[in-house]
Amino acid sequence: MFQITDIPRILPEILLLFLALIVLGSDIFEKWGRTAAAQLERARSSASLTAIGLGLIFIITLLQSGYIPGTVVAPEASTTNPLLSYLLGVVRNLQVGGPGGAPIVGAFATDDLTMIARLLLIGAAFLTSLLCLDDLPTAHPAEFYAMILFATTGMCLMVGAQELIMAYLAIELTSIPLYLLTGYVRSGSRSAEAGMKYFLFGALSSAILLYGMSLTYGFVASNLGGIAVSGNLTQFERIAELARDGGASTPLLTLAMLLILAGLGYKLAIVPFHGWAPDVYQAAPTPITAFISTASKAAGFLLLLRLLSVAFPESVGSATLGATNLGGWTAILALLALLTLLVGNLAALPQSNTKRLLAWSSVAHAGFLLLGLVAWAAPERFDREQGSVALIYYLIVYTLTNLGAFGALVAMSRAGSGVEITDLNGLARRNLPLATMLTICVLSLAGIPPLGGFFAKFYIFMVGWQSGAYWLVIVALVMTVVSLSYYLRLLRAMFIEAPSSGEPLRIEPATMTTLIITTAGLVVLGLFPNLILGLIGRVQTIAGL
Amino acid sequence: MDLPNYMLPAPDGLPWLTLLWLAPLVGVLLVGIAAWLGLEDRVVRIGATAWMGLPLALAGQIWARFDATATAAGQGVVQLVERVPWISAIRVDYLLGVDGLSLPLLLLTVVMGPLAALASWSVRERVKTHYALILLLQSALLGFFMALDFFFFFIFWEFSLVPAFFLIQNWGREQRRPAAFTFFIYTMAGSVGMLLFFQIIYLAMRQVGLPTFNLIDLGRLGRGLEVAGVTGNLREILFGYMEQIGVTGVLGRYPLLYTSIAFWAIFIAFAIKLAVWPFHTWLPDAYSEAPIAGSILLSAVMSKMGAYGMLRIMLPFVPDASQYFAPLMGGLALVGILAGAFGALAHIGGDLKRLIAYTSINHMGYVMLAIAAAAALPDTAGQDSRVSALNGAVMQLVAHGLSTGALFYLAGALYERSGSWSLNDVGGLRHVAPTFAGVMGVALFANLGLPGLAGFVGEFFIFRGAWATLPLFTALATIGLVVTALALLLMFQRIFLGPLPERWAALPDLRPRELWSVLPLLGLLVAFGVYPLPLLRIANATTTELVAIFQRLLS
């Protein structure tokens, strides 16, 4: 039953929706002039409203999570100061809806995983909106920003989904705005084409996903022999429970799982379901590319983590060569990871467009991320938990890195430069801070210590090894070295080549802020991973995975 | 924090080591501020060079607090230890400390810093960035020699590549791009195996209840010494883990096989850095294409990272496999010695920097030979032979750093005057630049190991120690000595002797600044040549305890 007390538990999602509606509604009251100045004015008001709103929602969510030491309000805390007392009451009421509790109507879990993911996703959306602040769309600005907010809502719902229908709806709520955002620049044919391509691939993958889900539903319903009394036939835990009992239709469930994996694989751009990714990443407006490649991927991976670990724990299998229980979804994911690592890294080698190169590198990173899921093959609970911790840490670092890297590209295209690698030539001489920050992002992607990317890789390799996928870890290590050669090309262009034009490159303040936040985050997380590892470690102890 | 008895904090409780590696980093910051304020290049040049005095002073303080004779629980005591828990999830500690192996190299690093800074006075473009990179590189190198937790060890190891890469790429000679690229990729690719090995070791250690990346503790276990109640042996722990994950079912139940795999993972990583034949191919390009400051730091300090890694990790972790492969290591060392020597000889009519680079391969070959000899099998050799081989290796590392640093500096000074790296373009310079000739002569004789100079002490100890275990290789290696001497003397002859070409008649002699840059190094070379005890004393206790395992393995 949904209760009124559940409302604070989904406050971030409610606020996101609310903000989206405000952005749409307030646009009506703007002056809809045809002059450039009026259009800019209108776009700017939507953009700043979104950015400020997302910032506020992020802070509220952070307060609600109680993750910042010193912000947790004890139940008995009180003060005589009326204003303080009021604030105390507000924060206390917020934190009532903090992490914990049974899933709302069995469909939406608000545990630590959801909470951390919300912070990650809303944070990513906030940084994206900062990037958009400088890269303004002129046509229908309110819709553009509202789309970002709708997609963010969808992602937040996705990571909390404990049930198939919820998961599917959340995926669609995320994907449809993203198709539109990809094709937003209608004046350029590439963006529109990419939007179309993304939509077609997305629709196909949704169909596959839905097919898998309906087979799962069929499995559950038939196993219950039509005596279903409650409407929980699509809950993840229910599926696992029935799978444990076995039955003649287990192969059906395996087929369903494969279809679901394939469907989600498309969304995550895992090889061989990655066909759309390079084109879409390259042609979408750069802030949107950043958003798709980070937030959307993070949400997808976390959904995959929850879905596979809660609904299909029986068919974990093992990815160890020669093991008796070789098979299951860890083996499939290990195979996909192998393909993703090979194709992603090798295809990135010959790229001449920075955006496309980063697109392929995003594909490759999905391969590393899969190692965190493969860790579920480990027999001991402790190692599985480590796998999830490593996955989430990697996702956080990867999100920061990619937002920073694409942010630098936004800065460049705003300054009138292209995004070919040759356009990076001599960037250090044109704008040293920008070049330095892009360098930090690129080095973190390559996994050079002491940046966040190094520890993320180090950790995920270790959990991958512990799970028994030795061969995969070795391939991943080799691919890390291969990846160096294309990342170093970017560095070489920036620092070594002669600049194409001697003019200094100006960066707009909002983009600069994004870059500073992301690079500072990378350095801090790389040097002090302990800051958030303890927090991420809570995911398991409370989520009860 | 509780420290075992083989680790001691600083007597006065100050974080000397952290200050030491942070000092150059603060220098980077200051250079950044200078750039922001738009100060003149000249100010940055003087400031950065002067700032190099700070690490020097700090290292002096550290030396003063170091008790070279302390041993405890079967090893030299690691001193001035700082330990802060860092990543609790995988038991990473921020652990710094110095012992007899690291202190000489720390001292070498702080001495070469000012020289590299002085050598960069001739850099004309992007001066601030250049100095920032030198300071950054020094910081990474210092951190590397002090870090005793693999995590930080690896961070400093890899991070030192970044400034070196940019130094070569931005200020190097014509062929700098492939050189920098090869250098970076080689080192990085080589260390991948080591990274994997440590992850496995960590997981293996978890099985015995002591998950750790602590290099000292792991090294103790490798040598069969007790750590925090765990008395096993790294070899058995590794084997047990391999058995548990089922690898023994595939590869067989031979404990030595797994330590051998570990040995190769470690050896390749460090052999590339030390430029052991056949892993040396990156070296001539990197050394010769780098700017002078880069050449100095690369040859004098960075190549020492490889030797240090072997002494710190390879010998104590996998003593049995090291012993097993010692003849092979000795063989590679011998080939390197000869190849380096003849390579140098082949360049007497060519590129001065390449010639010096090849002599570096030759000299690092002696270090490799010493390490192989310390581990090698014959039981006729006493512990003293093994110790003197290792002490010689440490001495050789320092002496070679000083002399090659000086040679590269002088080569750079020569290039500034003549505008050419080719030995064919110069000659007879003794007539116009007598001081130059004299100073270069001393550096060169120290390099080729003339008695009375530091290079001789190192080589003498190495040959004395290696003779007992690897007599054949040692005997053949003497050919390398002669050929290198020949190459270096011919080089001297080409530059300074013979008739003076007309166009060099106005070539200026060493300027006071240049003279005073090199004189301290020459002073040290002479001082350690005549009285090497202070330096040998630092290393002696640590190396004595280190080689004890090879004596034990035999019995």
| said: Please determine whether any residue of the range A:53-68 is of a type in the set (Val, Ile, Thr), farther than 30 Å from A:Gly537 by Cα and either assigned to a helix (DSSP H, G or I) or in contact with a helix residue (DSSP H, G or I) (Cβ under 9 Å, 6 or more places away or on another chain) (or both). | reply: no
| request: Could you list all residues from the range A:37-55 that are more than 16 Å from A:Leu131 (Cβ to Cβ) and without any contact (Cβ under 8 Å) to a residue 12 or more places away in the chain? | output: A:Ala37, A:Ala38, A:Glu41
| task | Of the numbered conditions (1) part of a helix (DSSP H, G or I); (2) more than 12 Å from chain B (Cβ to nearest Cβ); (3) more than 23 Å from the chain's Cα centre (by Cα), A:Thr514 fails exactly one; give the number of that condition. | result | (3)
| request: Give the residues of the range B:35-60 that are touching a helix residue (DSSP H, G or I) at 6+ places or on another chain (Cβ under 6 Å) and free of Cβ contacts under 8 Å to residues at least 60 places away in the same chain, sorted by residue number. | output: B:Leu54, B:Leu56, B:Leu58, B:Ala59
| request: Kindly state which helices (runs of 4 or more DSSP H) lie completely within the range A:245-295 and contain at least 1 residues that are modelled with pLDDT of 90 or more and more than 23 Å from A:Phe368 (Cβ to Cβ). | output: A:250-268, A:286-291
| Conditions (1) over 22 Å from B:Met188 (Cβ atoms); (2) in a helix (DSSP H, G or I); (3) away from chain B (no Cβ under 12 Å): number failed by A:Ile536 | (3)
| said: Looking at (1) of a type in the set (A, V, I, L, M); (2) over 24 Å from the mean Cα position of the chain (by Cα); (3) crowded, with 24+ Cβ neighbours inside 10 Å, which one does A:Leu445 not meet, given that it meets all the others? | reply: (2)
| request: Quick one: which helices (runs of 4 or more DSSP H) lie wholly within the range A:404-498 and hold at least 3 residues that are under 23 Å from A:Cys132 (Cα atoms) and away from chain B (no Cβ under 11 Å)? | output: A:432-446
| said: Please verify whether A:Ser315 is of a type outside the set (Phe, Trp, Tyr), closer than 21 Å to A:Val363 by Cβ and more than 14 Å from every other protein chain (Cβ to nearest Cβ), treating the condition exactly as stated. | reply: no
| field | Hits in the range B:194-213 (condition: more than 8 Å from chain A (Cβ to nearest Cβ) and closer than 20 Å to A:Ile460 by Cα) | value | B:Met194, B:Phe197, B:Phe198, B:Ile201, B:Ala204, B:Met205, B:Arg206, B:Gln207, B:Pro211, B:Thr212, B:Phe213
| query | For the range A:334-351, which residues satisfy the criterion of being touching a residue at least 24 places away in the same chain (Cβ under 8 Å) and more than 13 Å from A:Ser485 (Cα to Cα)? | reply | A:Ala334, A:Leu336, A:Ala337, A:Leu338, A:Leu339, A:Thr340, A:Leu341, A:Leu342, A:Val343, A:Gly344
| field | Unique residue being more than 11 Å from every other protein chain (Cβ to nearest Cβ), in contact (Cβ under 8 Å) with a residue 60 or more places away in the chain, surrounded by 24 or more Cβ atoms within 10 Å (Cβ to Cβ) and farther than 19 Å from B:Ala132 by Cβ when the list is B:Leu148, B:Leu142 | value | B:Leu148
| task | Within the range A:326-385, work out how many residues are aliphatic (A, V, I, L, M) and at pLDDT below 90. | result | 4
| Looking at the range B:163-173, which of its residues are in contact (Cβ under 8 Å) with a residue 24 or more places away in the chain and more than 19 Å from B:Leu20 (Cβ to Cβ)? | B:Ala164, B:Phe166, B:Leu167, B:Ile168, B:Asn170, B:Trp171, B:Gly172, B:Arg173
| field | Options B:Leu58, B:Leu39, B:Leu95, B:Leu107: the member that is farther than 27 Å from B:Ala454 by Cβ and modelled with pLDDT of 90 or more | value | B:Leu95
| note | Given (1) surrounded by fewer than 20 Cβ atoms within 10 Å (Cβ to Cβ); (2) under 17 Å from B:Thr18 (Cα atoms); (3) within 14 Å of chain A (Cβ to nearest Cβ), B:Asp93 misses just (1)
| remark: Picking from A:Ala469, A:Ala493, A:Ala476, the residue that is more than 20 Å from B:Phe184 (Cα to Cα) and not acidic (Asp, Glu) would be A:Ala469
| request: Hey, can you tell me all the residues within the range B:497-555 that are in a loop (DSSP other than H, G, I, E, B), under 30 Å from B:Ile348 (Cα atoms) and without any contact (Cβ under 8 Å) to a residue 12 or more places away in the chain? | output: B:Arg511
| query | Scanning the range B:276-316 for residues that are farther than 19 Å from B:Leu136 by Cβ and of a type in the set (Val, Ile, Thr), which turns out surrounded by the fewest Cβ atoms within 10 Å (Cβ to Cβ)? | reply | B:Thr281
| said: Can you tell me which residue is farthest from B:Met440 (Cα to Cα) among those in the range B:493-523 that are among the aromatic types (Phe, Trp, Tyr) and buried (at least 16 other Cβ atoms within 10 Å of the Cβ)? | reply: B:Trp504
| note | Scanning the range B:168-179 residue by residue, the ones that are aliphatic (A, V, I, L, M) and either away from chain A (no Cβ under 11 Å) or more than 19 Å from the chain's Cα centre (by Cα) (or both) total 1
| Here are some conditions: (1) assigned to a helix (DSSP H, G or I); (2) in contact with a Ser or Thr (Cβ under 7 Å, 6 or more places away or on another chain). A:Pro99 meets all but one. Which one does it not meet? | (1)
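The values are calculated or read from the model by the stated rules, or taken from the named source; none is laboratory data. Just so you know, these numbers come straight off a predicted model, no measurement behind them. Backbone-built Cβ (ideal geometry, glycine too); neighbour counts: all protein chains shown.
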